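K.L.:
Below you'll find the structure I mean.
The values are calculated or read from the model by the stated rules, or taken from the named source; none is laboratory data. In this text, all values refer to a predicted model and were calculated from it rather than measured experimentally. Don't worry about glycine lacking a Cβ; one is built from the backbone with ideal geometry, like all the others, and counts go over all protein chains shown.
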Amino acid sequence: DGGITQSPKYLFRKEGQNVTLSCEQNLNHDAMYWYRQDPGQGLRLIYYSQIVNDFQKGDIAEGYSVSREKKESFPLTVTSAQKNPTAFYLCASSIVLNTEAFFGQGTRLTVV
Amino acid sequence: ILNVEQSPQSLHVQEGDSTNFTCSFPSSNFYALHWYRWETAKSPEALFVMTLNGDEKKKGRISATLNTKEGYSYLYIKGSQPEDSATYLCASDNQAGTALIFGKGTTLSVSS
């Protein structure tokens with residue numbers, strides 16, 4: 001089955017710890033994205049990647065880091081520098097930048 | 001930061017009612033407008049990707065129009081059904097060298 005997989009679905013971490021969210025796709029898409037959703041907010045762009053070994057900051061990149069070493073993988077690290085990390089995180093991919101996006105199921109991160 | 005606005009924020013209708021929502025986006029450097037449907041506990045799924053001024057797309061009871069000169073798109077649902085209950089997101093591609101910018105969405109609730 002082709003698709004995009006995020007894991008885990010729920011994640012709990014202590015304040016001050018870095019945590020990495022996984023995003024894998026087997027759609028052979030070049031572009032991948034990370035969005036964050038908070039209550040009452042839309043999807044806000046954290047980072048995106050147009051191609052392997054390249055990525056760009058989105059609107060709210062501070063406190064986050066990414067890597068794109070493989071086409072199918074785009075992990076997001078939430079660092080201790082992120083002031084309000086508790087949120088719902090969505091990963092997406094598309095054939096090329098800004099074509100129809102396919103989304104994962106999301107990861108809900110809670111920092112206590 | 002480009003601004004994409006959606007209205008209303010939420011909407012409650014009775015089964016059989018027709019309804020519509022608005023998405024406003026910057027008209028400068030416009031390239032494409034996306035509509036997604038996000039049902040509870042699922043991933044957002046693409047409804048339409050529209051690029052041409054005056055374009056109208058249809059999928060079953062759902063249709064969308066696009067006005068790129070004035071920067072708005074309407075999404076129409078004819079004869080709403082409970083299964084149409086979801087959050088409807090629009091996203092703009094303004095060729096600003098960044099990924100899609102999403103609005104906050106319109107949450108539709110259809111009662112039987």
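K.L.:
Would you mention how many residues in region B:8-41 are in contact with a strand residue (DSSP E or B) (Cβ under 6 Å, 6 or more places away or on another chain) and surrounded by 14 or more Cβ atoms within 10 Å (Cβ to Cβ)?
P.N.:
16
K.L.:
Please determine, by comparing only the residues of region A:13-58 that are within 16 Å of A:Gly104 (Cα to Cα) and of a type in the set (D, E, K, R), which one is nearest to the chain's Cα centre (by Cα).
P.N.:
Per the stated criteria, the residue is A:Arg36.
K.L.:
Being without any contact (Cβ under 8 Å) to a residue 12 or more places away in the chain, out of contact with any Lys or Arg (no Cβ under 7 Å at 6 or more places or on another chain) and in a loop (DSSP other than H, G, I, E, B), is that true of even one residue in region B:45-58?
P.N.:
Checked against the condition, which is being without any contact (Cβ under 8 Å) to a residue 12 or more places away in the chain, out of contact with any Lys or Arg (no Cβ under 7 Å at 6 or more places or on another chain) and in a loop (DSSP other than H, G, I, E, B), region B:45-58 yields at least one hit.
K.L.:
Follow-up. Can you confirm whether region A:70-79 contains a residue that is in contact with an Asp or Glu (Cβ under 7 Å, 6 or more places away or on another chain), part of a loop (DSSP other than H, G, I, E, B) and of a type in the set (A, V, I, L, M, F, W, C)?
P.N.:
no
K.L.:
A further question follows. Quick test of your reading of the structure: B:Val13 fulfils all but one of (1) assigned to a strand (DSSP E or B); (2) within 15 Å of the chain's Cα centre (by Cα). Name the failing condition by number.
P.N.:
In the conditions (1) assigned to a strand (DSSP E or B); (2) within 15 Å of the chain's Cα centre (by Cα), B:Val13 misses (2) alone.
K.L.:
Give me the residue from region A:50-66 that is among the polar types (S, T, N, Q) and touching a Leu at 6+ places or on another chain (Cβ under 9 Å) and, out of that set, farthest from A:Ile95 (Cα to Cα).
P.N.:
Residue satisfying both the conditions and the ranking: A:Ser65.
K.L.:
Here is a follow-up. Considering only residues that are at the interface with chain B (Cβ under 10 Å from one of its Cβ atoms) and closer than 19 Å to A:Thr77 by Cβ, which ones fall in region A:1-39?
P.N.:
Residues satisfying the conditions are A:Ile4, A:Gln6, A:Met32, A:Tyr33, A:Trp34, A:Tyr35, A:Gln37.
K.L.:
Considering (1) among the hydrophobic types (A, V, I, L, M, F, W, C); (2) within 14 Å of another protein chain (Cβ to nearest Cβ); (3) surrounded by fewer than 17 Cβ atoms within 10 Å (Cβ to Cβ); (4) in a loop (DSSP other than H, G, I, E, B), say which one A:Leu97 fails and leave the rest.
P.N.:
Unmet for A:Leu97, out of (1) among the hydrophobic types (A, V, I, L, M, F, W, C); (2) within 14 Å of another protein chain (Cβ to nearest Cβ); (3) surrounded by fewer than 17 Cβ atoms within 10 Å (Cβ to Cβ); (4) in a loop (DSSP other than H, G, I, E, B): (3).
K.L.:
Here's something else I'd like to know. Can you name the residue in region B:72-102 that is modelled with pLDDT of 95 or more and not in a strand (DSSP E or B) and is also farthest from the other protein chains (Cβ to nearest Cβ) among such residues?
P.N.:
Among them, the one singled out is B:Gly79.
K.L.:
Would you mind listing the strands (runs of 3 or more DSSP E) fully within region A:1-66 where at least 1 residues are out of contact with any His (no Cβ under 9 Å at 6 or more places or on another chain) and of a type in the set (D, E, K, R)?
P.N.:
By residue number, A:10-13, A:19-25, A:31-37, A:43-51, A:54-57.
K.L.:
Of all residues in region A:61-90 being within 21 Å of A:Val112 (Cα to Cα) and within 13 Å of another protein chain (Cβ to nearest Cβ), which is surrounded by the most Cβ atoms within 10 Å (Cβ to Cβ)?
P.N.:
A:Leu90
K.L.:
Hey, any hits in region B:41-64 for a residue that's away from chain A (no Cβ under 12 Å) and farther than 21 Å from A:Glu100 by Cα?
P.N.:
Within region B:41-64, not a single residue is away from chain A (no Cβ under 12 Å) and farther than 21 Å from A:Glu100 by Cα.
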